[in-house]
Amino acid sequence: MMKLLQSQSGASVFQYPLLPQSPLPAQAIDSIGKATLLIDQMIEKKSEVDLSEGDTVQTGQRLAPFQDSAAYAISSVTGKISAIYPYPGDFGKNFTALDIEVAADDMAAPIENLEPTLESLRTYLVNAPGKPPLALLGDPNRPIHTIVVSGVDTDLLVGTHQYAIRTEIDAITKGIEVLKAAAGAEKVAIAVPRDLISGFGHTGADELKAVPPDYPWAQPKLVLYHAFGVEVPAKKTCEDMGYAFFSAESVAAIGKTYLSGHVPVDKIVTLIDKSGQVKVVTARLGTPVGKILQAAGIQTSDRDRLILGGPMTGTALYDEKQVVRADTDAVMVQDAADVSLVSDYSCINCGECVRACPTRIQVNMLVRFLEAGQYEDGAELYDLYSCVDCGLCSYVCVARIPIYQYISLAKYELARVSAVAEASDEQ
Amino acid sequence: MSSKKMFIVSHAPFWHNRSNIPERCYGMIWAAMPAVALGIVQYGLPAAGVVFLAVGTAILAEWLMNRLTKRTATITDGNAALLGLLFAMLIPATTPWWVVMVGTLLTVVIGLHVFGGMGANPFHPVAVSMMMLTVSWPAFMDFNAALVNYELSFNAVFPLSLSKNLGTAAVAGFTPLDLLLGQQTGGIGSTFGLGLIGGGLYLMAKRYIRWEISLSFLAGIYMTALVFHMAAPDQYAGPLFHLLTGYTLVGAFFLLPDNASSPVNPIPMLIYGAGAGFLAMLIRNIGSYHDGVLLAVLLMNLVNPLLDKIRPKALGKVA
Ligand code: SF4
Ligand code: SF4
């Protein structure tokens, strides 16, 4: 467990740890046996796709099997397709899964017609390691004037973006060059932990911004507030304000593609074991989480908690078969004995959440509305949309109310309701 | 990789700072122990009897209310025991057993559960029951009448009634040291100044209470008493006397900072505390009660929801 520090306001805060001074070369996880690729469109019947079980694919090969959709995957391995099946994801987002049995020889398929344009980027890199948010670029209704290359990780103990910005600076430099040419953004800024602020002079970035070490100030909205002096209005996003955040890893992936002519398929993943020890590894996209843990020597047992992401904002998994995706920055294992449970107390109004909240939400009041299912009132009266999803309120809650879960659910429900309303308006 | 492994699935965050409600309640009980212990030493078995009866009755009442409202049993979390204890701390050691029981029942049932249980009470439950008893049976709540049969080594007249009726000269015998060491009459757990201050420091350090409230209350008492004293030194006792007598200290650390009935934002906490101190002194010096702390607590509880509307602007709020 990390050390708990006291901030000026008296609230408990955490600090983001830095990786060791010279990050060790990450352990590469290989001989994975099987990889699973996910395509952003769900398959309904096998005849829909022009791929079949038994087909062979090469590393870096682009697979766009739907006749009526541009959805694609870049194969992260060389081998034979062993299964094709629908794959349900969270929040109603569904995929097609391709299981690939990895062959002994790794054969790299080069890519064609690579230009420094948005179109080329979208053709190959939508699900590249770090998941560059390419959909944000090139929208005339919502122009992006600044691309922020983020070398900070939003969750605690996660060191993936930090690792990328420390070890892949040449690829990032190239990536910035490509993005500048392709995106039409005026500026590129690099955001790094305050203590790593030097050594980015030759990257071609126009600005360098220091992010304070206190959790959760690496969160994009808070970076804008603190480092850029931009307060994002409650219902708006960073993109609405003209800023697009790209993880350092995703920019490095772009750079590597243009430097080598191959799409990178290795994902940097921070592993956090039961004692809070951190280890950075690289693994092919599509590697099952269980394989990575095994290869890194991290044991799991019944009733542990397995988490994609970090301790404050990650997602708990129910099995180890889930695979590493473009945005899987961390995998954490928590011992059964450390799993804290919620209670069924109501709020006692102790005010700890109010002191902890970085965005000054009256969480004690908000939670009353959310518990009663009054999401709209909660949003109107007590600033639901100012929340930046840091989870600190739940972390400190004396009554152990799953506050952050209520908040996520409320945002999800309100988004669903307004999507339904918009759809019926259009008819 | 075994496929039989089951993982625990829940929503983020996966860490918690391990604070919890029982820890807070028992922390409050511990903090009250020195003051209660001195009360028992001074008043002997009857005081111990009152304390045990109140705590027992409170736990029983909580259990009955849990049954009645079909909620999870909460008697082990310490909150009911704490309320019983706080009630006992405010009353004289000679209070008849049935008054103790009625008072405790009022505390737990009317003060707490009628409003929806812990966290939902708009007033401090003990302040509510104490005011009801004061109105219904003033005789039992009068320290001079109640403690008349005790042989004590110090002036056995309740200091606040002395100062109120006879002025500053009458309380000259109470040195601050006497008061700090509990050489005064009063509620079982309300007179040991040093013990209460120690308990309060512990509670503030543990953040079980909000220090802004306690300290601004004490400042409010001090400043208001000082102004009165300077205006008419013979009639109104000095600020130190008022800080160390009556329910000032027990109110500052155990009643006023009650989570549910007090504000959580910085400026409201200061107004709330200072306001209570000011009101308590007004009542003591020109009102009809000897002590004004309980009434001041209730009055400030009443305005608490309004006060907490003074709040910082949330990030990104457009208004
Ligand atoms: S409401 Fe909770 S999750 Fe949202 S910003 Fe505040 S502390 Fe973080
Ligand atoms: S921390 Fe929990 S119990 Fe305390 S005020 Fe916030 S929601 Fe209520």
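Quick notes on this structure:
- Complete set of residues in region A:374-392 that are among the acidic types (Asp, Glu) and either under 18 Å from A:Pro220 (Cβ atoms) or in contact (Cβ under 8 Å) with a residue 40 or more places away in the chain (or both): A:Asp383, A:Asp389
- Condition check for A:Glu376: open to solvent by 20 Å² or more (accessible area, probe 1.4 Å) and away from ligand 2 (no atom under 12 Å from the Cβ): yes
- Here the condition is being at the interface with another protein chain (Cβ under 8 Å from one of its Cβ atoms) and either of a type outside the set (Gly, Ala, Ser) or over 23 Å from B:Phe123 (Cα atoms) (or both); of A:Val331, A:Val388, A:Val367, it holds for A:Val388 alone.
- Considering region A:391-427, the residues that are away from ligand 2 (no atom under 14 Å from the Cβ) and either open to solvent by less than 10 Å² (accessible area, probe 1.4 Å) or among the acidic types (Asp, Glu) (or both) include one that is nearest to B:Lys317 (Cα to Cα), namely A:Ala410.
- Subset tally (residues that are open to solvent by 30 Å² or more (accessible area, probe 1.4 Å) and closer than 14 Å to B:His113 by Cβ) for region B:50-64: 4
- Considered as a group, the residues in region A:378-415 that are acidic (Asp, Glu) and more than 7 Å from ligand 1 (Cβ to nearest atom) include one that is nearest to A:Cys347 (Cα to Cα), and that residue is A:Asp383.
- Flag if A:Leu37 is at pLDDT 85 or above and not assigned by TED's automatic domain parsing to the domain that holds A:Leu285: yes
Residue-wise test of (1) surrounded by 24 or more Cβ atoms within 10 Å (Cβ to Cβ); (2) touching a strand residue (DSSP E or B) at 6+ places or on another chain (Cβ under 6 Å); (3) within 14 Å of another protein chain (Cβ to nearest Cβ).
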{"residue": "A:Glu231", "(1), (2), (3)": "no, no, yes"}
{"residue": "A:Gly255", "(1), (2), (3)": "no, no, no"}
{"residue": "A:Lys279", "(1), (2), (3)": "no, yes, no"}
{"residue": "A:Leu285", "(1), (2), (3)": "yes, yes, no"}
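- Filtered by the rule that a residue be surrounded by 16 or more Cβ atoms within 10 Å (Cβ to Cβ) and more than 7 Å from chain B (Cβ to nearest Cβ), region A:289-314 gives A:Val289, A:Lys291, A:Ile292, A:Leu293, A:Ala295, A:Ala296, A:Ile298, A:Leu308, A:Gly309, A:Gly310.
- Region A:328-339, subset surrounded by 18 or more Cβ atoms within 10 Å (Cβ to Cβ) and in a loop (DSSP other than H, G, I, E, B), residue nearest to ligand 2 (Cβ to nearest atom): A:Asp329
- Qualifying residue in region A:263-273 (condition: touching a residue at least 12 places away in the same chain (Cβ under 8 Å), polar (S, T, N, Q) and away from chain B (no Cβ under 14 Å)): yes
- Count of residues meeting criterion [buried (at least 17 other Cβ atoms within 10 Å of the Cβ) and more than 26 Å from A:Arg142 (Cβ to Cβ)] in region A:173-202: 6
- Qualifying residues in region A:357-366 (those that are buried (at least 24 other Cβ atoms within 10 Å of the Cβ) and within 10 Å of ligand 2 (Cβ to nearest atom)) - the one farthest from A:Asp344 (Cα to Cα): A:Cys357
- Only one entry of B:Leu279, B:Leu298, B:Leu256, B:Leu302 meets the criterion of being free of Cβ contacts under 8 Å to residues at least 60 places away in the same chain and closer than 19 Å to B:Met131 by Cβ, and that entry is B:Leu279.
- When the residues of region A:332-363 are filtered to those that are touching a residue at least 40 places away in the same chain (Cβ under 8 Å) and of a type in the set (Asp, Glu), the one that is farthest from ligand 1 (Cβ to nearest atom) is A:Asp335.
- Some residue of region A:146-168 being within 26 Å of A:Ser120 (Cβ to Cβ), open to solvent by 30 Å² or more (accessible area, probe 1.4 Å) and either touching a strand residue (DSSP E or B) at 6+ places or on another chain (Cβ under 8 Å) or hydrophobic (A, V, I, L, M, F, W, C) (or both): no
The values are calculated or read from the model by the stated rules, or taken from the named source; none is laboratory data. Since the structure is predicted, the reported quantities are computational estimates derived from the model, not experimental observations. All Cβ positions, even for glycine, are placed from backbone atoms using ideal geometry, and neighbour counts span all protein chains on display. Surface areas here come from the heavy atoms of the whole protein model, side chains and all, with no ligands, DNA or RNA. Shrake-Rupley method; radii C 1.70, N 1.55, O 1.52, S 1.80 Å.
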